[in-house]
Amino acid sequence: MKYVDTNNLDKLPGRRLENNDTFSFHCHQGLSCFNLCCRNLNLFLYPYDVVRLKKRLGITSDQFIDKYVDIVLRRSSFFPEVLLRMSENKKKTCPFLTESGCSVYPDRPDTCRTFPVEQGMMYDAETKKKVLIHFFRPPDFCLGRHESKKWTACTWSNDQHAVLYNKMTLQWAELKGLFYTDPWGNEGPNGPRKKMAFMATYNMDQFRNFLFNSSFLKRYKVKSVILKKIKADDVELMNFGFEWVKFYIWGIKTKYLRLAQK
Ligand code: SF4
Ligand code: SF4
(Lines give C-alpha, C1' and ligand atoms only; values in the text may rest on other atoms or scores of the structure.)
(Ligands and ions follow the chains in the order given, each with its own letter.)
Protein backbone atom coordinates (compact mmCIF):
# COMPACT_ATOMS: atom_id res chain seq x y z
CA MET A 1 0.00 0.00 0.00
CA LYS A 2 1.57 3.24 -1.13
CA TYR A 3 0.67 6.90 -1.12
CA VAL A 4 -0.04 7.84 -4.72
CA ASP A 5 0.92 11.21 -6.13
CA THR A 6 -2.28 12.60 -7.71
CA ASN A 7 -0.24 14.35 -10.42
CA ASN A 8 1.13 11.02 -11.61
CA LEU A 9 -2.04 8.93 -11.61
CA ASP A 10 -2.09 8.52 -15.39
CA LYS A 11 1.54 7.47 -15.50
CA LEU A 12 1.14 4.57 -13.08
CA PRO A 13 1.20 1.06 -14.55
CA GLY A 14 -2.02 -0.93 -14.71
CA ARG A 15 -5.64 0.11 -15.18
CA ARG A 16 -7.26 2.21 -12.50
CA LEU A 17 -10.50 0.70 -11.23
CA GLU A 18 -13.11 3.29 -10.32
CA ASN A 19 -16.17 2.22 -8.28
CA ASN A 20 -18.03 0.03 -10.78
CA ASP A 21 -15.22 -0.69 -13.22
CA THR A 22 -14.85 -4.38 -13.83
CA PHE A 23 -11.98 -6.68 -14.71
CA SER A 24 -11.93 -10.31 -15.86
CA PHE A 25 -10.09 -12.80 -13.73
CA HIS A 26 -10.14 -16.39 -12.59
CA CYS A 27 -7.20 -18.26 -11.11
CA HIS A 28 -7.26 -22.06 -11.06
CA GLN A 29 -4.97 -25.08 -11.19
CA GLY A 30 -5.82 -25.75 -14.85
CA LEU A 31 -3.86 -22.73 -16.05
CA SER A 32 -0.30 -23.24 -17.28
CA CYS A 33 0.81 -20.27 -15.18
CA PHE A 34 -0.34 -21.96 -11.97
CA ASN A 35 2.03 -20.98 -9.13
CA LEU A 36 4.25 -18.85 -11.41
CA CYS A 37 3.20 -15.76 -9.49
CA CYS A 38 4.49 -17.11 -6.15
CA ARG A 39 8.18 -16.79 -6.87
CA ASN A 40 10.89 -14.18 -6.98
CA LEU A 41 8.66 -11.57 -5.39
CA ASN A 42 9.11 -8.33 -3.53
CA LEU A 43 6.27 -9.30 -1.25
CA PHE A 44 5.62 -6.60 1.34
CA LEU A 45 4.34 -7.84 4.67
CA TYR A 46 2.23 -5.55 6.83
CA PRO A 47 1.83 -5.90 10.62
CA TYR A 48 -1.49 -7.75 10.37
CA ASP A 49 0.04 -10.19 7.86
CA VAL A 50 2.70 -11.10 10.43
CA VAL A 51 0.09 -11.59 13.17
CA ARG A 52 -1.87 -13.99 10.99
CA LEU A 53 1.09 -15.89 9.55
CA LYS A 54 2.93 -16.48 12.82
CA LYS A 55 -0.30 -17.75 14.36
CA ARG A 56 -0.89 -20.04 11.41
CA LEU A 57 2.66 -21.42 11.68
CA GLY A 58 2.45 -21.73 15.48
CA ILE A 59 5.59 -19.68 16.11
CA THR A 60 6.36 -16.38 17.85
CA SER A 61 6.66 -13.10 15.97
CA ASP A 62 10.38 -13.11 16.83
CA GLN A 63 10.83 -16.50 15.21
CA PHE A 64 8.76 -15.44 12.21
CA ILE A 65 10.84 -12.28 11.68
CA ASP A 66 14.11 -14.23 12.04
CA LYS A 67 13.13 -16.98 9.67
CA TYR A 68 10.89 -15.43 7.04
CA VAL A 69 11.59 -11.73 6.79
CA ASP A 70 14.05 -9.33 5.14
CA ILE A 71 14.07 -5.81 6.54
CA VAL A 72 15.01 -3.10 4.08
CA LEU A 73 15.37 0.63 4.65
CA ARG A 74 14.52 2.60 1.52
CA ARG A 75 15.23 6.23 0.77
CA SER A 76 11.54 7.09 0.40
CA SER A 77 10.67 6.30 4.03
CA PHE A 78 12.23 6.48 7.46
CA PHE A 79 10.60 3.22 8.50
CA PRO A 80 11.92 -0.04 7.02
CA GLU A 81 10.00 -2.22 4.60
CA VAL A 82 9.33 -5.78 5.70
CA LEU A 83 9.58 -8.29 2.87
CA LEU A 84 8.87 -12.00 2.83
CA ARG A 85 12.21 -13.76 2.26
CA MET A 86 12.05 -16.01 -0.79
CA SER A 87 13.55 -19.51 -0.62
CA GLU A 88 17.15 -19.98 -1.64
CA ASN A 89 16.39 -22.20 -4.61
CA LYS A 90 16.85 -21.47 -8.31
CA LYS A 91 13.32 -20.20 -8.76
CA LYS A 92 13.32 -18.22 -5.53
CA THR A 93 9.93 -19.56 -4.62
CA CYS A 94 7.81 -18.27 -1.77
CA PRO A 95 8.60 -20.34 1.35
CA PHE A 96 4.91 -21.20 1.64
CA LEU A 97 4.49 -22.49 -1.90
CA THR A 98 3.80 -26.20 -2.41
CA GLU A 99 3.00 -28.10 -5.60
CA SER A 100 -0.68 -27.86 -4.86
CA GLY A 101 -0.54 -24.15 -4.14
CA CYS A 102 -0.26 -21.90 -1.12
CA SER A 103 0.21 -23.77 2.18
CA VAL A 104 -0.94 -20.77 4.24
CA TYR A 105 -3.86 -19.87 1.98
CA PRO A 106 -6.44 -18.90 4.68
CA ASP A 107 -3.82 -16.59 6.22
CA ARG A 108 -2.00 -15.47 3.08
CA PRO A 109 -0.78 -11.86 3.15
CA ASP A 110 -2.89 -8.93 2.02
CA THR A 111 -0.88 -8.46 -1.17
CA CYS A 112 -1.54 -12.08 -2.23
CA ARG A 113 -5.24 -11.76 -1.47
CA THR A 114 -5.67 -8.55 -3.39
CA PHE A 115 -3.56 -9.67 -6.38
CA PRO A 116 -4.00 -8.99 -9.34
CA VAL A 117 -5.40 -5.76 -7.94
CA GLU A 118 -3.07 -3.36 -6.17
CA GLN A 119 -4.15 -0.71 -3.74
CA GLY A 120 -2.84 2.76 -3.09
CA MET A 121 -3.84 5.70 -0.98
CA MET A 122 -4.45 9.13 -2.44
CA TYR A 123 -5.05 12.46 -0.73
CA ASP A 124 -8.11 14.18 -2.18
CA ALA A 125 -7.43 17.91 -1.94
CA GLU A 126 -11.13 18.78 -2.45
CA THR A 127 -12.59 16.63 0.33
CA LYS A 128 -9.35 16.70 2.33
CA LYS A 129 -9.73 12.97 2.86
CA LYS A 130 -7.53 10.00 2.14
CA VAL A 131 -9.04 7.82 -0.55
CA LEU A 132 -8.29 4.20 -1.32
CA ILE A 133 -7.66 3.60 -5.04
CA HIS A 134 -7.27 0.36 -6.97
CA PHE A 135 -5.37 -0.73 -10.05
CA PHE A 136 -5.79 -3.91 -12.06
CA ARG A 137 -2.20 -4.94 -12.61
CA PRO A 138 -1.62 -8.62 -13.49
CA PRO A 139 1.85 -9.48 -14.81
CA ASP A 140 2.02 -10.47 -18.49
CA PHE A 141 2.40 -14.18 -17.71
CA CYS A 142 -0.80 -14.27 -15.63
CA LEU A 143 -3.40 -16.04 -17.76
CA GLY A 144 -6.22 -15.58 -15.26
CA ARG A 145 -7.00 -12.23 -16.83
CA HIS A 146 -8.26 -13.95 -20.00
CA GLU A 147 -10.95 -15.88 -18.12
CA SER A 148 -14.53 -14.72 -18.23
CA LYS A 149 -15.44 -14.13 -14.55
CA LYS A 150 -15.96 -10.43 -13.89
CA TRP A 151 -15.23 -8.48 -10.72
CA THR A 152 -15.12 -4.99 -9.34
CA ALA A 153 -12.42 -4.07 -6.80
CA CYS A 154 -15.11 -4.45 -4.13
CA THR A 155 -16.53 -7.84 -5.17
CA TRP A 156 -12.99 -9.16 -5.59
CA SER A 157 -12.01 -8.04 -2.09
CA ASN A 158 -15.13 -9.73 -0.65
CA ASP A 159 -14.46 -12.93 -2.56
CA GLN A 160 -10.89 -13.12 -1.28
CA HIS A 161 -11.91 -12.37 2.33
CA ALA A 162 -9.65 -9.36 2.06
CA VAL A 163 -11.93 -6.74 3.61
CA LEU A 164 -10.48 -7.03 7.11
CA TYR A 165 -6.94 -7.27 5.72
CA ASN A 166 -7.48 -4.16 3.59
CA LYS A 167 -8.81 -2.28 6.62
CA MET A 168 -5.79 -3.26 8.72
CA THR A 169 -3.39 -2.34 5.93
CA LEU A 170 -5.07 1.04 5.54
CA GLN A 171 -4.60 1.70 9.27
CA TRP A 172 -0.95 0.77 8.93
CA ALA A 173 -0.53 2.90 5.79
CA GLU A 174 -1.83 5.94 7.65
CA LEU A 175 0.76 5.45 10.39
CA LYS A 176 3.50 4.58 7.91
CA GLY A 177 2.74 7.82 6.04
CA LEU A 178 4.01 9.74 9.07
CA PHE A 179 7.44 8.23 8.48
CA TYR A 180 7.89 9.96 5.12
CA THR A 181 9.57 12.78 7.04
CA ASP A 182 12.48 12.04 9.36
CA PRO A 183 11.30 11.56 12.94
CA TRP A 184 14.65 10.28 14.21
CA GLY A 185 16.83 13.41 14.14
CA ASN A 186 20.37 12.91 15.48
CA GLU A 187 19.52 9.41 16.65
CA GLY A 188 19.37 8.20 13.03
CA PRO A 189 17.22 5.37 11.66
CA ASN A 190 18.79 2.64 13.80
CA GLY A 191 18.43 4.20 17.22
CA PRO A 192 16.32 3.07 20.19
CA ARG A 193 13.16 4.93 19.11
CA LYS A 194 13.15 3.19 15.74
CA LYS A 195 13.67 -0.16 17.46
CA MET A 196 10.72 0.58 19.73
CA ALA A 197 8.54 1.59 16.74
CA PHE A 198 9.43 -1.59 14.88
CA MET A 199 8.74 -3.81 17.88
CA ALA A 200 5.40 -2.12 18.63
CA THR A 201 4.16 -2.61 15.08
CA TYR A 202 5.70 -5.87 13.85
CA ASN A 203 6.86 -7.93 16.81
CA MET A 204 3.77 -8.50 18.95
CA ASP A 205 5.20 -11.17 21.27
CA GLN A 206 8.24 -9.06 22.10
CA PHE A 207 6.07 -5.94 22.48
CA ARG A 208 3.70 -7.73 24.90
CA ASN A 209 6.67 -8.93 26.92
CA PHE A 210 8.01 -5.38 27.03
CA LEU A 211 4.67 -3.89 28.14
CA PHE A 212 4.04 -6.36 30.93
CA ASN A 213 7.58 -7.04 32.13
CA SER A 214 9.21 -3.61 32.16
CA SER A 215 8.51 -0.37 34.02
CA PHE A 216 6.15 0.69 31.19
CA LEU A 217 2.98 0.31 33.24
CA LYS A 218 4.52 2.38 36.04
CA ARG A 219 5.30 5.17 33.60
CA TYR A 220 2.03 5.08 31.65
CA LYS A 221 -1.56 4.59 32.72
CA VAL A 222 -3.53 2.13 30.61
CA LYS A 223 -7.13 1.28 31.47
CA SER A 224 -7.57 -2.21 32.87
CA VAL A 225 -10.11 -3.11 30.20
CA ILE A 226 -7.53 -2.29 27.51
CA LEU A 227 -4.80 -4.17 29.35
CA LYS A 228 -6.98 -7.24 29.47
CA LYS A 229 -7.58 -7.07 25.72
CA ILE A 230 -3.96 -6.50 24.70
CA LYS A 231 -2.77 -9.28 26.96
CA ALA A 232 -4.98 -11.79 25.18
CA ASP A 233 -5.32 -10.59 21.61
CA ASP A 234 -2.57 -9.78 19.08
CA VAL A 235 -4.81 -7.60 16.92
CA GLU A 236 -5.84 -5.47 19.92
CA LEU A 237 -2.16 -5.29 20.83
CA MET A 238 -1.25 -4.23 17.29
CA ASN A 239 -3.83 -1.43 17.37
CA PHE A 240 -2.47 -0.37 20.74
CA GLY A 241 1.05 -0.48 19.28
CA PHE A 242 0.05 1.85 16.43
CA GLU A 243 -1.36 4.37 18.92
CA TRP A 244 1.66 4.02 21.18
CA VAL A 245 4.05 4.75 18.29
CA LYS A 246 2.10 7.90 17.35
CA PHE A 247 2.20 9.02 20.98
CA TYR A 248 5.81 8.03 21.62
CA ILE A 249 7.33 9.43 18.43
CA TRP A 250 5.10 12.42 17.65
CA GLY A 251 3.26 13.08 20.93
CA ILE A 252 -0.13 12.45 19.28
CA LYS A 253 -2.73 12.05 22.03
CA THR A 254 -4.54 8.74 22.32
CA LYS A 255 -7.39 7.34 24.36
CA TYR A 256 -5.34 4.20 24.96
CA LEU A 257 -2.85 5.60 27.46
CA ARG A 258 -1.52 8.62 29.29
CA LEU A 259 1.54 9.50 31.32
CA ALA A 260 1.27 8.33 34.94
CA GLN A 261 1.30 11.18 37.44
CA LYS A 262 4.40 11.35 39.61
S1 SF4 B 1 -0.22 -16.19 -12.59
FE2 SF4 B 1 -2.32 -15.42 -12.33
S3 SF4 B 1 -3.70 -17.01 -13.05
FE4 SF4 B 1 -1.65 -17.91 -12.86
S5 SF4 B 1 -1.66 -18.84 -10.85
FE6 SF4 B 1 -0.87 -16.79 -10.57
S7 SF4 B 1 -2.67 -15.50 -10.12
FE8 SF4 B 1 -3.39 -17.44 -10.92
S1 SF4 C 1 1.96 -16.60 0.61
FE2 SF4 C 1 0.89 -18.07 -0.63
S3 SF4 C 1 -0.17 -16.86 -2.19
FE4 SF4 C 1 1.39 -15.56 -1.28
S5 SF4 C 1 3.19 -15.78 -2.59
FE6 SF4 C 1 3.37 -17.29 -0.95
S7 SF4 C 1 2.50 -19.16 -1.76
FE8 SF4 C 1 1.81 -17.48 -3.06
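Annotations
- With all projection directions averaged, the alpha carbon convex hull of segment 199-243 covers 2.8 nm².
- Seen against the Cα atoms of the chain and their longest principal axis, helix 47-57 is set at about 80 degrees.
- For a straight C-alpha distance cut-off of 13 angstrom, the aspartates and glutamates reachable from residue 54 (same-chain residues fewer than eight places away being disregarded) are 62, 66, 107, 205, 234.
- Between 0 and 90°, nearest 10: helix 204-213 axis offset from the chain longest Cα axis: 10 degrees
- Sequentially through segment 22-28, phi angles give Karplus couplings (6.51, -1.76, 1.60; θ = phi - 60°) of 10, 9, 9, 6, 7, 9, 7 Hz, Gly and Pro residues having no value and appearing as x.
- Total charge dipole magnitude, segment 2-162, about the Cα centre, Cβ charges on Lys, Arg, Asp, Glu only, Debye to nearest 20: 180 debye
- Relative packing of peptides 249-261, 137-149 - highest average C-beta neighbours within 10 Å first: 137-149, 249-261
- Under the Karplus curve 6.51 cos²θ - 1.76 cosθ + 1.60, θ = phi - 60°, whole-Hz ³J(HN,Hα) for segment 161-166, x wherever Gly or Pro sits: 6, 9, 4, 5, 4, 4
- The chain, relative contact order in percent, only Cα pairs under 8 angstrom and at least six apart counted: 25 percent
- Average Cα contact separation per residue, segment 182-259, under 8 Å, 6 or more apart, as relative contact order %: 34 percent
- Each residue of segment 184-190 was assigned a 3J(HN,Hα) from its phi angle through the Karplus expression (A = 6.51, B = -1.76, C = 1.60, θ = phi - 60°), giving 8, x, 4, 5, x, x, 10 Hz with x at Gly and Pro.
- For the residue pairs 130/228; 231/253; 67/253, the alpha carbons lie more than 25 Å apart in 130/228; 67/253.
- Carbon + sulfur, % of accessible area of segment 2-162 - ligands and nucleic acids excluded, 1.4 Å: 49 percent
- Per principal axis, descending, Cα span of the chain in whole Å: 66, 46, 36
- In segment 130-262, Cα pairs under 8 Å separated by at least six residues give a relative contact order of 21 percent.
- An ellipsoid equivalent to segment 182-259, defined through the eigenvalues of its Cα gyration tensor, has semi-axes of 21, 14, 11 Å when rounded to whole angstrom and sorted largest first.
- Simple spin-label estimate for residue 16 and residue 76 in nanometres, 7 Å along Cα-Cβ: 1.7 nm
- What you get for segment 182-259, charging only the Cβ of Lys and Arg (+1) and of Asp and Glu (-1), is a dipole of about 460 debye around the Cα centre.
- Between residue 147 and 26, the built amide H atoms are under 5 Å apart, and every one of these is 5 or more places off in sequence or on another chain.
The values are calculated or read from the model by the stated rules, or taken from the named source; none is laboratory data. Here the structure is a predicted model, which is why all the values come from computation and not from measurement. Every residue, glycine among them, receives a Cβ derived from its backbone with ideal geometry; neighbour counts consider all protein chains shown. Protein only, heavy atoms only, side chains kept; ligands, DNA and RNA dropped before computing areas. Shrake-Rupley method; radii C 1.70, N 1.55, O 1.52, S 1.80 Å.
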